[in-house]
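The values are calculated or read from the model by the stated rules, or taken from the named source; none is laboratory data. Just so it is clear, the model here is predicted, and its values are computed rather than measured. Note that each Cβ is placed from the backbone with ideal geometry, even for glycine, and that neighbours are counted across all protein chains shown. Just the protein is used for accessible areas: all its heavy atoms, side chains included, with ligands, DNA and RNA removed. Shrake-Rupley method; radii C 1.70, N 1.55, O 1.52, S 1.80 Å.
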Amino acid sequence: MFVCICRAVTVDEVHEHCDAGAYTVDDISDRCGAGEGCGTCLEKLDSILSERLATSTSAA
């Protein structure tokens, strides 16, 4: 599923960038351009990051 239509960035790609060290929306944007077009994906990107943080915090 696409998160960012403007840059054709998928949910899986976002997770890959997070696994590689992207910890903020700006980090993801710098790596793949998501969020640099119309901006409608910014909320979804933030949601993905929040879910990952919650999951990693509860697993620790």
Could you please put Asp12, Asp46, Asp27 in sequence from largest to smallest accessible area, using a 1.4 Å probe?
-> Asp12, Asp46, Asp27
Leaving ligands, DNA and RNA out of it, report the carbon-plus-sulfur percent of the accessible area of the range 9-60 at a 1.4 Å probe.
-> 48
Hey, got the dipole for the chain? About the Cα centre, +1 on K and R Cβ, -1 on D and E Cβ, debye to the nearest 20?
-> 80
Scoring the chain by relative contact order with C-alpha pairs under 8 Å, at least six apart, yields a percentage of 32
Free-by-geometry Cys in the chain, Cβ-Cβ under 4.7 Å as pairing rule, reported as Cys6, Cys18, Cys32, Cys38
